[in-house]
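Notes to accompany the following structure.
The values are calculated or read from the model by the stated rules, or taken from the named source; none is laboratory data. Note that the structure is predicted; figures quoted are calculated from it, not measured. Cβ placement follows ideal geometry from the backbone for every residue including glycine, while neighbour counts extend to all protein chains displayed. The area values use the complete protein model at the heavy-atom level, side chains included, leaving out ligands, DNA and RNA. Shrake-Rupley method; radii C 1.70, N 1.55, O 1.52, S 1.80 Å.
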Amino acid sequence: NNNQHQQNNNLPQNKMLSSCKSASSETPSLNRKNFANVSAYILNIIFTYGVGTAGFLGTPTNGDLSDKYQTIVTPNADAFRIWIVIFMFQLLFTVVQLLPKFRATPMVQDGVSYWYCLVCAMQIGWTFTFAYEIIPASLAFMLALYGSLMTLLYSQYY
């Protein structure tokens, strides 16, 4: 029984389960990671919307390019509306991670860490390379984006 208790102590602590526990009664300060998440979100919205949707730099929109490069897996231009929902949930995360209850939790500080910033950077990179029709580079950014998302997810538990 003592051996089983020792084995359980060696398991990685689940950052999701411990994310709402506070180590002290005083309010933790906002830190570099919290501000980096906000900055990454703002930059991602500006560039992804501005370049990919509004064509601020005179580039075709994601919908235009989707129509141009039709394949069996190319989504219809209307499919890009899902980004409204995605960005709303990202906004929710960005705001919630600033709240005193969550800003210093292991889930935000150790789990999300700087991975969300990398995810946003890869999204911006994909937006530019796709808008300028540099398809091999846009594929590389898409794969890096996927890898960043998977690492962010993995880091929530280990």
* Asked: What does the accessible area of MET107 come to, in Å² to the nearest 10, when a probe of 1.4 Å is used?
  -> 50
* Asked: Could you give the nm distance between label points at PHE56 and GLU26, where each point is 7 Å from its Cα heading toward the beta carbon?
  -> 4.0
* Run the 1.4 Å probe and let me know the accessible area of LYS33, rounded to the nearest 10 Å². => 40
* Asked: Could you give the radius of gyration (one decimal) and Dmax (whole number) of the Cα atoms in region 20-158, in Å?
  -> 17.0, 57
* Kindly sort ARG32, ARG81, ARG103 by accessible area of their heavy atoms, largest first, with the probe set to 1.4 Å. => ARG32, ARG81, ARG103
* Quick one: length gained pulling ALA36 to ILE134 fully straight, 0.36 nm per residue minus the C-alpha distance? -> 32.5 nm
* Quick one: compute a quarter of the convex hull surface over the Cα atoms of region 95-140 and quote it in nm². => 3.8
* **Gain upon complete extension [LYS101, ILE45; 0.36 nm per residue less C-alpha separation]** => 17.6 nm
* To do: Work out how much length ILE86 to TYR154 would gain on full extension: take 0.36 nm times their residue separation and subtract the Cα-Cα distance, in nm to one decimal.
  => 22.5 nm
* **VAL95, VAL108, ranked by accessible area, largest first (probe 1.4 Å)** => VAL95, VAL108
